[in-house]
1. Give the carbon-plus-sulfur fraction of the accessible surface of region 4-345 in %, rounded to a whole number; probe 1.4 Å, heavy atoms of protein chains only.
2. CYS219: accessible area at probe 1.4 Å, nearest 10 Å²?
3. May I ask for the net charge around GLY246, where only other residues with Cβ less than 11 Å from the Cβ of GLY246 are counted and Lys, Arg are +1 while Asp, Glu are -1?
4. Show that you can apply the helix-only estimate: for the chain, add -39,500 (n - 2.57) for every DSSP H stretch of four or more residues, divide by all residues, and state [θ] at 222 nm to the nearest 500.
5. Label the chain by shape, choosing from rounded, prolate and oblate, from the square roots a ≥ b ≥ c of the eigenvalues of the Cα gyration tensor; if a/c is under 1.5 it is rounded, and otherwise prolate applies when a/b is larger than b/c, oblate when it is not.
6. Nearest 10 degrees, 0 to 90: what angle lies between the long axis of helix 20-31 and the longest principal axis of the chain (Cα atoms)?
7. Rounded to the nearest 20 Debye, what is the dipole magnitude of the chain about its Cα centre when Lys and Arg each give +1 and Asp and Glu each give -1 at the C-beta?
8. How many angstrom lie between the Cα centre of region 276-346 and the Cα centre of region 52-85?
Amino acid sequence: MSATLTIRRPDDWHLHLRDGAMLAAVLPESARHFARAIIMPNLVPPVTTGAQAAAYRDRIRAALPEGARFEPLMTLYLTEETDPDDVASAARTGLVKAVKLYPAGATTNSASGVRDFERIRAVLERMAEIGLPLCVHGEVTDPDIDIFDREAVFIDRVLDPLRRATPGLRVVMEHVTTSQAVDYVTSADRDLAATITVHHLVINRNHILAGGIRPHYYCLPVAKRETHRRALVAAATGGDARFFLGTDSAPHLDAAKESACGCAGCFTAPIAVPLLAEIFEREGALDRLEAFASLNGPAFYGLPTNEDRLTLTRAPTPVTFPAKIETAHGPVTVFDPGFPVHWHAS
Ligand code: DOR
Ligand code: ZN
(Lines give C-alpha, C1' and ligand atoms only; values in the text may rest on other atoms or scores of the structure.)
(Ligands and ions follow the chains in the order given, each with its own letter.)
Protein backbone atom coordinates (compact mmCIF):
# COMPACT_ATOMS: atom_id res chain seq x y z
CA MET A 1 0.00 0.00 0.00
CA SER A 2 1.24 3.48 -0.81
CA ALA A 3 -0.62 6.36 0.74
CA THR A 4 -0.18 9.96 1.72
CA LEU A 5 -1.72 11.89 4.53
CA THR A 6 -1.47 15.66 4.94
CA ILE A 7 -2.03 17.08 8.40
CA ARG A 8 -1.46 20.37 10.14
CA ARG A 9 2.16 20.46 11.27
CA PRO A 10 2.41 18.69 14.66
CA ASP A 11 3.62 20.21 17.93
CA ASP A 12 5.52 18.42 20.68
CA TRP A 13 3.95 19.24 24.04
CA HIS A 14 6.87 17.83 26.08
CA LEU A 15 10.46 17.98 24.88
CA HIS A 16 13.98 17.97 26.37
CA LEU A 17 16.45 19.92 24.25
CA ARG A 18 19.24 20.32 26.87
CA ASP A 19 21.87 22.97 26.19
CA GLY A 20 25.24 23.58 24.50
CA ALA A 21 26.57 20.81 22.24
CA MET A 22 23.62 18.52 22.94
CA LEU A 23 21.11 21.26 22.04
CA ALA A 24 22.94 21.93 18.78
CA ALA A 25 22.85 18.24 17.88
CA VAL A 26 19.24 17.39 18.80
CA LEU A 27 17.34 20.59 17.94
CA PRO A 28 17.36 20.02 14.14
CA GLU A 29 15.73 16.62 14.73
CA SER A 30 12.69 18.20 16.40
CA ALA A 31 12.59 21.27 14.13
CA ARG A 32 12.37 19.02 11.07
CA HIS A 33 8.83 17.83 11.85
CA PHE A 34 7.45 19.93 14.68
CA ALA A 35 6.33 23.55 14.53
CA ARG A 36 6.49 24.20 18.28
CA ALA A 37 7.41 22.39 21.45
CA ILE A 38 6.95 22.82 25.16
CA ILE A 39 10.56 22.93 26.36
CA MET A 40 11.36 21.18 29.62
CA PRO A 41 13.30 23.30 32.13
CA ASN A 42 15.34 20.56 33.86
CA LEU A 43 18.74 21.92 32.89
CA VAL A 44 21.62 22.03 35.34
CA PRO A 45 20.97 24.45 36.99
CA PRO A 46 17.21 24.43 36.26
CA VAL A 47 15.32 27.21 34.46
CA THR A 48 13.49 28.69 37.43
CA THR A 49 12.95 32.37 36.56
CA GLY A 50 11.50 34.35 33.70
CA ALA A 51 14.92 35.83 32.97
CA GLN A 52 16.48 32.37 32.72
CA ALA A 53 13.65 31.18 30.45
CA ALA A 54 14.19 34.16 28.13
CA ALA A 55 17.93 33.46 27.95
CA TYR A 56 17.31 29.74 27.27
CA ARG A 57 14.76 30.60 24.56
CA ASP A 58 17.38 32.81 22.90
CA ARG A 59 19.98 30.02 23.01
CA ILE A 60 17.48 27.65 21.38
CA ARG A 61 16.67 30.17 18.65
CA ALA A 62 20.38 30.75 18.03
CA ALA A 63 20.97 26.99 17.67
CA LEU A 64 18.29 26.55 15.00
CA PRO A 65 19.54 25.52 11.57
CA GLU A 66 19.45 28.24 8.91
CA GLY A 67 15.92 28.69 7.59
CA ALA A 68 14.27 26.40 10.16
CA ARG A 69 11.00 27.59 11.64
CA PHE A 70 10.45 26.26 15.14
CA GLU A 71 8.98 28.01 18.12
CA PRO A 72 10.15 27.01 21.59
CA LEU A 73 7.35 27.37 24.14
CA MET A 74 9.10 27.96 27.42
CA THR A 75 8.35 26.59 30.88
CA LEU A 76 9.53 27.39 34.39
CA TYR A 77 10.81 24.78 36.81
CA LEU A 78 8.73 25.03 39.97
CA THR A 79 10.64 25.17 43.24
CA GLU A 80 9.55 25.93 46.78
CA GLU A 81 11.05 29.39 46.26
CA THR A 82 9.25 30.25 43.00
CA ASP A 83 7.88 33.79 43.07
CA PRO A 84 4.21 34.03 41.94
CA ASP A 85 4.80 37.54 40.56
CA ASP A 86 7.72 36.38 38.40
CA VAL A 87 5.56 33.54 37.04
CA ALA A 88 2.68 35.91 36.33
CA SER A 89 4.83 38.44 34.51
CA ALA A 90 6.59 35.75 32.42
CA ALA A 91 3.14 34.44 31.46
CA ARG A 92 1.75 37.91 30.71
CA THR A 93 4.44 38.65 28.14
CA GLY A 94 3.78 35.30 26.45
CA LEU A 95 7.31 34.06 27.21
CA VAL A 96 6.21 31.19 29.44
CA LYS A 97 3.39 28.82 28.52
CA ALA A 98 3.44 26.48 31.53
CA VAL A 99 5.14 25.71 34.83
CA LYS A 100 6.66 22.28 35.41
CA LEU A 101 6.27 20.42 38.68
CA TYR A 102 8.87 17.78 39.48
CA PRO A 103 8.49 16.08 42.84
CA ALA A 104 12.05 16.33 44.24
CA GLY A 105 14.03 13.25 43.28
CA ALA A 106 11.45 11.81 40.86
CA THR A 107 13.63 11.93 37.75
CA THR A 108 16.61 13.45 35.90
CA ASN A 109 17.68 16.79 37.42
CA SER A 110 14.71 16.99 39.75
CA ALA A 111 16.67 17.61 42.95
CA SER A 112 15.45 21.23 43.10
CA GLY A 113 11.83 20.12 42.76
CA VAL A 114 9.06 20.18 45.32
CA ARG A 115 9.12 18.33 48.66
CA ASP A 116 6.47 20.23 50.60
CA PHE A 117 3.44 20.91 48.44
CA GLU A 118 2.12 23.49 50.92
CA ARG A 119 5.03 25.73 49.93
CA ILE A 120 3.83 26.06 46.32
CA ARG A 121 0.24 26.91 47.25
CA ALA A 122 0.49 30.64 46.42
CA VAL A 123 2.05 29.97 43.00
CA LEU A 124 -0.61 27.40 42.13
CA GLU A 125 -3.38 29.77 43.17
CA ARG A 126 -1.94 32.53 41.01
CA MET A 127 -1.65 30.11 38.07
CA ALA A 128 -5.29 29.09 38.49
CA GLU A 129 -6.25 32.78 38.48
CA ILE A 130 -4.38 33.55 35.25
CA GLY A 131 -5.08 30.21 33.53
CA LEU A 132 -1.43 29.14 33.25
CA PRO A 133 -1.15 25.34 32.96
CA LEU A 134 0.84 23.20 35.39
CA CYS A 135 2.71 20.32 33.73
CA VAL A 136 3.15 17.52 36.23
CA HIS A 137 5.68 14.72 36.46
CA GLY A 138 3.27 12.37 38.18
CA GLU A 139 5.27 9.96 40.33
CA VAL A 140 5.66 9.73 44.08
CA THR A 141 9.22 9.55 45.30
CA ASP A 142 8.54 7.45 48.41
CA PRO A 143 11.16 4.66 48.27
CA ASP A 144 8.65 2.28 49.84
CA ILE A 145 6.39 2.52 46.80
CA ASP A 146 7.21 0.07 44.05
CA ILE A 147 8.51 1.92 40.98
CA PHE A 148 5.75 0.41 38.83
CA ASP A 149 3.09 1.84 41.19
CA ARG A 150 4.48 5.35 41.59
CA GLU A 151 2.22 7.00 39.02
CA ALA A 152 -1.02 5.46 40.28
CA VAL A 153 -0.14 6.30 43.89
CA PHE A 154 0.75 9.88 42.89
CA ILE A 155 -2.76 10.41 41.54
CA ASP A 156 -4.37 9.43 44.84
CA ARG A 157 -1.86 10.93 47.25
CA VAL A 158 -0.78 14.12 45.49
CA LEU A 159 -2.53 15.05 42.27
CA ASP A 160 -6.14 14.63 43.22
CA PRO A 161 -5.78 16.48 46.57
CA LEU A 162 -3.78 19.23 44.84
CA ARG A 163 -6.44 19.72 42.15
CA ARG A 164 -9.25 19.74 44.70
CA ALA A 165 -7.41 22.33 46.78
CA THR A 166 -6.83 24.57 43.77
CA PRO A 167 -10.06 24.89 41.78
CA GLY A 168 -9.53 26.21 38.29
CA LEU A 169 -5.88 25.05 38.09
CA ARG A 170 -5.29 23.68 34.61
CA VAL A 171 -3.12 20.55 34.76
CA VAL A 172 -1.35 18.44 32.18
CA MET A 173 -0.38 15.01 33.48
CA GLU A 174 2.80 14.45 31.55
CA HIS A 175 3.83 11.21 29.84
CA VAL A 176 1.09 9.03 31.35
CA THR A 177 1.96 5.34 31.51
CA THR A 178 -0.96 3.62 33.26
CA SER A 179 -4.62 2.81 32.77
CA GLN A 180 -5.20 4.52 36.14
CA ALA A 181 -3.89 7.80 34.71
CA VAL A 182 -6.00 7.43 31.57
CA ASP A 183 -9.08 6.75 33.72
CA TYR A 184 -8.30 9.68 35.99
CA VAL A 185 -8.01 12.07 33.05
CA THR A 186 -11.20 10.85 31.39
CA SER A 187 -13.13 11.01 34.65
CA ALA A 188 -12.27 14.68 35.27
CA ASP A 189 -14.95 17.12 34.20
CA ARG A 190 -12.55 19.99 33.42
CA ASP A 191 -9.06 21.46 33.56
CA LEU A 192 -7.18 18.18 33.11
CA ALA A 193 -5.36 16.74 30.10
CA ALA A 194 -2.46 14.37 29.51
CA THR A 195 0.44 13.96 27.16
CA ILE A 196 1.44 10.54 25.84
CA THR A 197 4.89 9.73 24.45
CA VAL A 198 5.52 7.69 21.32
CA HIS A 199 7.79 5.26 23.17
CA HIS A 200 5.13 4.44 25.77
CA LEU A 201 2.81 3.53 22.88
CA VAL A 202 5.44 1.02 21.70
CA ILE A 203 7.17 -0.61 24.66
CA ASN A 204 6.05 -2.39 27.78
CA ARG A 205 8.30 -3.41 30.66
CA ASN A 206 9.35 -6.63 28.94
CA HIS A 207 11.14 -4.57 26.32
CA ILE A 208 13.42 -3.21 29.05
CA LEU A 209 14.08 -6.38 30.99
CA ALA A 210 13.37 -9.59 29.05
CA GLY A 211 16.32 -11.30 27.35
CA GLY A 212 18.88 -8.79 28.67
CA ILE A 213 18.69 -5.29 30.10
CA ARG A 214 18.13 -2.65 27.43
CA PRO A 215 19.13 0.75 28.75
CA HIS A 216 17.83 2.69 25.75
CA TYR A 217 14.28 1.66 26.70
CA TYR A 218 14.69 2.87 30.27
CA CYS A 219 12.84 6.11 30.94
CA LEU A 220 10.70 7.63 33.66
CA PRO A 221 7.96 6.96 34.32
CA VAL A 222 9.16 3.45 33.50
CA ALA A 223 7.08 1.51 30.95
CA LYS A 224 4.46 -0.69 32.63
CA ARG A 225 2.86 -4.02 31.70
CA GLU A 226 1.13 -4.64 28.37
CA THR A 227 -2.42 -3.90 29.59
CA HIS A 228 -1.30 -0.36 30.40
CA ARG A 229 0.35 0.11 27.01
CA ARG A 230 -2.92 -0.95 25.39
CA ALA A 231 -4.80 1.62 27.49
CA LEU A 232 -2.41 4.33 26.27
CA VAL A 233 -2.86 3.31 22.63
CA ALA A 234 -6.63 3.40 23.09
CA ALA A 235 -6.42 6.87 24.65
CA ALA A 236 -4.12 8.27 21.97
CA THR A 237 -6.07 6.88 19.04
CA GLY A 238 -9.55 7.17 20.54
CA GLY A 239 -10.24 10.79 19.64
CA ASP A 240 -10.63 12.17 23.19
CA ALA A 241 -9.32 15.75 22.94
CA ARG A 242 -7.78 15.59 26.43
CA PHE A 243 -4.93 13.42 25.14
CA PHE A 244 -2.16 14.81 22.97
CA LEU A 245 1.40 14.13 21.86
CA GLY A 246 4.31 15.00 24.12
CA THR A 247 7.30 12.95 23.02
CA ASP A 248 9.44 13.44 26.15
CA SER A 249 12.33 12.92 23.75
CA ALA A 250 15.16 12.96 26.29
CA PRO A 251 18.69 12.61 24.87
CA HIS A 252 21.54 11.30 26.97
CA LEU A 253 24.99 10.37 25.71
CA ASP A 254 25.36 6.63 25.13
CA ALA A 255 28.08 6.59 27.79
CA ALA A 256 25.54 7.81 30.35
CA LYS A 257 22.84 5.32 29.27
CA GLU A 258 25.07 2.27 28.90
CA SER A 259 26.38 2.39 32.42
CA ALA A 260 26.09 0.61 35.77
CA CYS A 261 23.60 3.34 36.71
CA GLY A 262 22.09 4.42 33.41
CA CYS A 263 20.12 7.65 32.96
CA ALA A 264 16.39 7.66 32.22
CA GLY A 265 15.25 8.87 28.83
CA CYS A 266 14.41 7.72 25.30
CA PHE A 267 15.64 9.85 22.41
CA THR A 268 12.77 9.66 19.95
CA ALA A 269 12.86 13.02 18.12
CA PRO A 270 14.23 11.74 14.76
CA ILE A 271 11.60 9.03 14.45
CA ALA A 272 8.64 10.29 16.51
CA VAL A 273 6.28 11.47 13.78
CA PRO A 274 6.84 8.63 11.26
CA LEU A 275 6.57 6.09 14.09
CA LEU A 276 3.37 7.68 15.33
CA ALA A 277 1.89 7.33 11.83
CA GLU A 278 2.87 3.64 11.84
CA ILE A 279 1.16 3.12 15.22
CA PHE A 280 -2.02 4.92 14.16
CA GLU A 281 -2.08 2.95 10.89
CA ARG A 282 -1.80 -0.34 12.78
CA GLU A 283 -4.78 0.74 14.90
CA GLY A 284 -6.83 1.76 11.85
CA ALA A 285 -6.86 5.29 13.27
CA LEU A 286 -4.92 7.39 10.75
CA ASP A 287 -7.93 9.70 10.56
CA ARG A 288 -7.30 10.62 14.22
CA LEU A 289 -3.58 11.25 13.96
CA GLU A 290 -4.01 14.96 13.25
CA ALA A 291 -6.17 15.47 16.34
CA PHE A 292 -3.62 13.79 18.62
CA ALA A 293 -0.50 15.35 17.09
CA SER A 294 -1.68 18.75 15.87
CA LEU A 295 -5.08 19.85 17.23
CA ASN A 296 -5.73 18.74 20.82
CA GLY A 297 -2.58 20.30 22.28
CA PRO A 298 -3.11 23.83 20.95
CA ALA A 299 -6.77 23.62 21.99
CA PHE A 300 -5.81 22.86 25.61
CA TYR A 301 -3.08 25.50 25.70
CA GLY A 302 -5.34 28.09 24.05
CA LEU A 303 -2.95 28.58 21.14
CA PRO A 304 -3.74 28.71 17.41
CA THR A 305 -3.27 25.55 15.37
CA ASN A 306 -0.44 25.61 12.85
CA GLU A 307 -1.34 26.78 9.37
CA ASP A 308 1.62 24.97 7.87
CA ARG A 309 1.06 21.35 6.77
CA LEU A 310 3.14 18.16 6.99
CA THR A 311 2.76 15.35 4.48
CA LEU A 312 3.22 11.77 5.59
CA THR A 313 3.92 9.24 2.88
CA ARG A 314 3.81 5.49 3.25
CA ALA A 315 6.65 3.79 1.42
CA PRO A 316 6.24 0.25 0.09
CA THR A 317 9.42 -0.81 1.91
CA PRO A 318 10.55 0.16 5.42
CA VAL A 319 12.18 3.55 5.87
CA THR A 320 15.60 3.59 7.50
CA PHE A 321 16.41 6.02 10.29
CA PRO A 322 19.85 6.73 11.76
CA ALA A 323 20.63 4.44 14.68
CA LYS A 324 22.57 7.24 16.40
CA ILE A 325 23.23 10.93 16.07
CA GLU A 326 26.62 12.43 16.80
CA THR A 327 27.25 15.23 19.28
CA ALA A 328 30.49 16.99 20.13
CA HIS A 329 30.68 14.79 23.25
CA GLY A 330 29.76 11.42 21.72
CA PRO A 331 26.85 9.53 20.16
CA VAL A 332 23.20 9.42 21.26
CA THR A 333 21.16 6.34 20.34
CA VAL A 334 17.86 6.91 18.56
CA PHE A 335 14.86 4.98 19.87
CA ASP A 336 14.39 1.68 18.00
CA PRO A 337 10.76 0.54 17.97
CA GLY A 338 11.78 -3.00 17.07
CA PHE A 339 9.48 -3.17 14.05
CA PRO A 340 9.63 -1.61 10.59
CA VAL A 341 8.34 1.92 10.03
CA HIS A 342 7.03 2.68 6.54
CA TRP A 343 6.18 6.35 6.87
CA HIS A 344 8.26 9.37 6.17
CA ALA A 345 7.36 12.98 6.73
CA SER A 346 8.08 16.05 4.64
O1 DOR B 1 12.92 9.45 31.08
C2 DOR B 1 12.94 10.62 31.42
N3 DOR B 1 13.96 11.44 31.07
N4 DOR B 1 11.96 11.07 32.19
C5 DOR B 1 11.99 12.30 32.73
O6 DOR B 1 11.08 12.63 33.44
C7 DOR B 1 13.15 13.19 32.52
C8 DOR B 1 13.87 12.84 31.31
C9 DOR B 1 15.22 13.50 31.20
O10 DOR B 1 15.33 14.71 31.45
O11 DOR B 1 16.17 12.80 30.84
ZN1 ZN C 1 10.33 14.76 30.35
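1. Values: 6790 of 13370 Å².
Here it works out to 51 percent.
2. It works out to around 0 Å².
3. Working: positive: none; negative: ASP11, ASP12, GLU174, ASP248.
Net of charged neighbours comes to -4.
4. Working: 13 runs with 107 residues, N = 346.
Value at 222 nm, helices only, nearest 500: -8500 deg cm²/dmol.
5. Numbers: a/c = 1.32, a/b = 1.26, b/c = 1.05.
Rounded shape, in that the Cα axes give a/c under 1.5.
6. Helix 20-31 sits roughly 60 degrees off the main axis of the chain.
7. On the way: 35 positive and 42 negative charges, 112 e Å.
Charge dipole, the chain, about its Cα centre: 540 debye, nearest 20.
8. If we compute the Cα centre of each part, the gap is 24 Å.
The values are calculated or read from the model by the stated rules, or taken from the named source; none is laboratory data. Predicted model, so just to flag it, every value in this text is computed and none were measured. FYI the Cβ positions are ideal-geometry reconstructions off the backbone, even for glycines, and counts take in every protein chain you see. Protein only, heavy atoms only, side chains kept; ligands, DNA and RNA dropped before computing areas. Shrake-Rupley method; radii C 1.70, N 1.55, O 1.52, S 1.80 Å.
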